[in-house]
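Here's the structure, in structure tokens; my notes come after.
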Amino acid sequence: MSLFLFKRFITLLATLVGASVVVFLVLEILPGNAAQILMGPDATPDAVAALATKLGLDRPASERYWDWITGLMSGDLGLSYAYSSPVSELVLERLTVTVPLAFMAMALTTVLALSAGIYAAARHNKLGDVGLMGLTQVGIAIPNFWFAILLILLFSVHLKWFAAGGFPGWEEGVFEGVRALLLPAISLAVVQAAILARITRSAVLEVLREDFVRTARAKGLSQRATLWGHVLRNSLIPVITVMGLQFAELLAGTIVVENVFYLPGLGRLIFQSISNRDVIVVRNCVMLLAAMVVIVNFIVDVLYAVIDPRVKASDI
């Protein structure tokens with residue numbers, strides 16, 4: 001097990017290094033001048049050059065990359081051009097919205113998808129199966145931002161059960177915070193749940209054809225006990241793979257949904273920083289999202305070995 005984890009950890013580090021190089025180079029070749037944008041269109045070339053020197057934009061790219069990496073390892077993310085405040089403070093403040101939103105959406109996705117997928121597989125080719133798969137097809141076709149607007153129209157404008165946008169802050173209480181994030185989480189979860197439900201159904205149907213399932217049923221186990229006690233665990237490998245990818249997509253999807261609901265999260269910070277050409281904030285936020293994705297994939301690899309020891313044995 002230790003060798004398996006060591007190999008996966010080395011892969012994680014190599015991926016993070018590669019991601020940091022790609023993020024830095026892509027932002028380096030973007031058009032525009034941060035100093036010019038901050039000074040305004042009427043600024044003189046000397047003033048723009050002086051600000052660029054102050055911000056370190058005139059230094060070689062290799063030096064700026066090294067300073068950025070060493071700063072990341074020490075927790076110093078630099079100073080925002082547009083906000084004139086430490087990037088670490090901006091990011092930590094916005095993560096208190098984005099991370100709970102992503103976890104709420106993933107929890108809703110998991111509950112809805114597993115329930116629907118197992119129910120459909122247990123009623124293969126029956127009315128319940130056909131109906132659910134039809135609904136999932138509709139769910140896959142719905143853009144989450146459009147569904148978010150529909151939720152606002154129904155629950156905020158007409159029923160007035162929820163606020164149309166904004167976030168009161170966790171200091172107002174956990175209930176108020178969760179209430180403000182519920183509609184955004186649902187809008188993110190619907191499409192992902194539809195996809196995961198179809199994957200779950202296919203995986204469960206494949207395992208249901210195995211000999212050990214027929215043996216369990218022959219020993220007198222009920223269909224429910226067989227599904228939840230034997231079939232589900234053996235069908236989790238493809239399901240967990242998709243869940244890992246979906247969590248990464250949920251983190252990226254918050255950029256659009258947070259703007260629809262006017263949430264002060266990491267996605268909205270990235271959007272505003274791109275508009276302000278605040279490269280240092282964009283660079284750190286994108287790197288943070290990339291690191292989250294890589295870490296989630298590492299956790300998925302570990303779960304593979306926990307769920308199915310054959311994965312660990314074949315890797316070694």
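The values are calculated or read from the model by the stated rules, or taken from the named source; none is laboratory data. Quantities reported herein were computed from a predicted structural model and do not represent experimental measurements. Glycine gets a Cβ as well: all are built from the backbone with ideal geometry, and neighbour counts include every protein chain shown. Ligands, DNA and RNA are stripped out before the accessible areas are found, and what is left, the full protein with its side chains, is counted by its heavy atoms. Shrake-Rupley method; radii C 1.70, N 1.55, O 1.52, S 1.80 Å.
Tabulated results
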quantity: Range in the chain, longest, excluding exposed trypsin sites (Lys or Arg not before Pro) [loop by DSSP; at most 13 other beta-carbon atoms within 10 Å]; calculated: 1-125
quantity: Degrees, to the nearest 10: 45-55 long Cα axis against longest axis of the chain; calculated: 50
quantity: Vicinal HN-Hα couplings computed from phi for region 104-111 (Karplus, 6.51 cos²θ - 1.76 cosθ + 1.60; Hz; Gly/Pro x); calculated: 4, 5, 5, 5, 4, 4, 5, 5
quantity: 14 Å beta-carbon shell around VAL204, net charge (K/R +1, D/E -1); calculated: +3
quantity: Residues with amide H under 5 Å from that of LEU79, placed H, sequence gap 5 or more; calculated: VAL87
quantity: Region 54-194, accessible surface, carbon-and-sulfur percent (1.4 angstrom probe); calculated: 69
quantity: Cα gyration tensor category, rounded, prolate or oblate, for the chain with a/c compared to 1.5; calculated: oblate
quantity: Where labels lie 7 Å past Cα in the beta-carbon direction, separation of MET73 and THR11 in nm; calculated: 2.4
quantity: By accessible area with a 1.4 Å probe, ligands and nucleic acids excluded, highest first: order of ASP67, ASP76; calculated: ASP76, ASP67
quantity: Folded to 0 to 90 degrees: helix 2-28 orientation relative to the chain principal axis, Cα; calculated: 40
quantity: Mean-position separation - Cα centroids, region 155-222 and region 273-288, in angstrom; calculated: 31
quantity: Where the chain is the region considered: accessible area per residue in Å², 1.4 Å probe; calculated: 53
quantity: Computed over the chain: relative contact order in percent, which uses C-alpha pairs under 8 Å that are six or more apart; calculated: 27
quantity: With DNA, RNA and ligands ignored, accessible area of THR11 (1.4 Å probe; Å², nearest 10); calculated: 80
quantity: Dipole axis of region 90-230 (+1 Lys, Arg; -1 Asp, Glu on Cβ), positive-most option in GLY165, PHE103, THR226; calculated: THR226
quantity: Student exercise, the chain dipole from Lys, Arg, Asp, Glu Cβ charges, in Debye to nearest 20; calculated: 1580
quantity: Cα long-axis angle, helix 236-260 against the chain (0 to 90 degrees, to the nearest 10); calculated: 40
